[in-house]
Amino acid sequence: MAGYGDDLIATGLARGARARGKRIAFGDGSRLAWYARSPMIFRNNPNIATPGSEFCGDVEWIDYRKGRRIYNQDGGDRWIWNYDFEPKPGELYFDSHELAWAERFERGFVVVEPNVEWNKVSARNKDWGRWKYQRVANHLIARKVRVVQFDVGPAKLDGVEIIKTPDFRYSMAVVKRASLVITSEGGLHHGAAAVGAKAVVIFGGWIPPEATGYSIHVNLTALGPACGIYKPCDHCRRAMDLITVDEVISHAERLIQEEVCA
């Protein structure tokens with residue numbers, strides 16, 4: 001699920017623009033900032049200006065782009081987090097085929113996803129550990145909960161249902177039908193917020209929930225303030241060690257029960 005989070009945050013920044021008769025262009029006011037995954041995330045979104053329309057009369061600009069993400073700034077060897085930024089849940093405008101494809105999955109399952117953005121140097125700082133996710137999955141399976149994982153990375157869990165989807169949008173259409181998502185900070189947790197899914201999000205000590213978290217989720221941290229160091233660090237490893245399997249299971253069981261009783 002790597003690389004989707006920034007564009008999902010953007011859809012939150014644009015939320016409600018069309019109702020005001022506006023569309024949002026992301027960039028420096030003269031050049032639109034769209035990236036490899038932007039067409040997928042922004043597809044069908046009436047709040048966002050598409051390439052070629054950025055200078056129409058109904059467009060407002062937001063200076064949100066690489067190097068100017070609002071929630072952070074470059075501090076040399078680390079990200080400096082903006083604790084005053086509060087992201088709004090984003091939006092995904094699914095088409096009928098995407099929704100129909102996801103309907104094959106009966107509601108009530110839990111997504112447990114241990115993979116992080118392994119291609120990034122800082123990935124280890126967000127890795128809670130496959131074996132911990134495995135223990136959470138084992139507990140839920142023993143309680144007769146259907147546990148699934150997406151086929152998106154090398155950290156595969158034993159005994160869970162692996163779901164292969166055509167792309168990220170289809171995965172999020174599936175998440176829309178989930179009772180709960182258990183994962184790290186990243187594209188999947190942003191996607192869960194966008195589709196209104198409950199989640200236990202393991203932040204650890206690298207990035208703070210104030211910068212990229214959502215109040216609709218349980219956000220687990222330790223050893224604040226968040227360090228943001230680009231390279232793997234001992235502080236982040238200690239922070240992850242302080243977040244226990246029992247703590248995650250306790251939150252998961254409570255949220256699942258709330259879903260059952262809703």
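In this structure, does Gly3 turn out to be of a type outside the set (A, V, I, L, M), part of a loop (DSSP other than H, G, I, E, B) and either at pLDDT below 95 or in the same structural domain as Ala193 (by TED's automatic domain parsing) (or both)?
For Gly3, the condition - of a type outside the set (A, V, I, L, M), part of a loop (DSSP other than H, G, I, E, B) and either at pLDDT below 95 or in the same structural domain as Ala193 (by TED's automatic domain parsing) (or both) - is met.
Can you pull out every residue in the range 195-224 that is buried (at least 24 other Cβ atoms within 10 Å of the Cβ) and under 10 Å from the mean Cα position of the chain (by Cα)?
Scanning the range 195-224 gives Ala199, Val201, Thr212.
So, Val152, is that one out of contact with any His (no Cβ under 9 Å at 6 or more places or on another chain), in a strand (DSSP E or B), more than 24 Å from Asp84 (Cα to Cα) and touching a residue at least 12 places away in the same chain (Cβ under 8 Å) or not?
no
Which of the residues that make up the range 3-32 are over 17 Å from Gly57 (Cα atoms), crowded, with 20+ Cβ neighbours inside 10 Å and not aromatic (Phe, Trp, Tyr)?
Gly5, Asp6, Asp7, Leu8, Ile9, Ala10, Thr11
Residues in the range 105-142 that are polar (S, T, N, Q) and assigned to a helix (DSSP H, G or I): how many?
4
Pick from Glu54, Glu60: which is more than 27 Å from Glu185 (Cα to Cα), part of a strand (DSSP E or B), acidic (Asp, Glu) and not assigned by TED's automatic domain parsing to the domain that holds Val195?
Glu60
I'd like the residue in the range 33-52 that is within 24 Å of the chain's Cα centre (by Cα) and surrounded by fewer than 12 Cβ atoms within 10 Å (Cβ to Cβ) and, out of all such residues, is farthest from Phe94 (Cα to Cα).
Ala36
Among the residues of the range 204-257, which ones are over 25 Å from Asp74 (Cβ atoms) and either outside the structural domain of Arg135 (by TED's automatic domain parsing) or among the small types (Gly, Ala, Ser) (or both)?
Ser215, Ser250, Ala252
Can you name the condition, by its number, that Ser30 falls short on among (1) at pLDDT below 95; (2) closer than 26 Å to Gly186 by Cβ; (3) not charged (D, E, K, R)?
(2)
Which of (1) touching a residue at least 60 places away in the same chain (Cβ under 8 Å); (2) buried (at least 21 other Cβ atoms within 10 Å of the Cβ); (3) among the hydrophobic types (A, V, I, L, M, F, W, C); (4) more than 30 Å from His235 (Cα to Cα) is the odd one out, the single condition Val160 does not satisfy?
Among (1) touching a residue at least 60 places away in the same chain (Cβ under 8 Å); (2) buried (at least 21 other Cβ atoms within 10 Å of the Cβ); (3) among the hydrophobic types (A, V, I, L, M, F, W, C); (4) more than 30 Å from His235 (Cα to Cα), Val160 violates only (1).
When you look at Gly76, is it without any contact (Cβ under 8 Å) to a residue 40 or more places away in the chain, part of a loop (DSSP other than H, G, I, E, B) and not assigned by TED's automatic domain parsing to the domain that holds Ala226, yes or no?
Yes: the conditions hold for Gly76.
Got at least one residue in the range 82-93 being at pLDDT 95 or above and in a helix (DSSP H, G or I)?
Looking for residues that are at pLDDT 95 or above and in a helix (DSSP H, G or I), one finds none in the range 82-93, hence no.
Restricting the search to the range 53-71, which residues are exposed (fewer than 11 other Cβ atoms within 10 Å of the Cβ) and closer than 30 Å to Tyr83 by Cα?
Lys66, Gly67
The values are calculated or read from the model by the stated rules, or taken from the named source; none is laboratory data. Just so you know, these numbers come straight off a predicted model, no measurement behind them. Because the Cβ atoms are built from the backbone with ideal geometry, glycine has one as well, and the counts that use them run over all protein chains shown.
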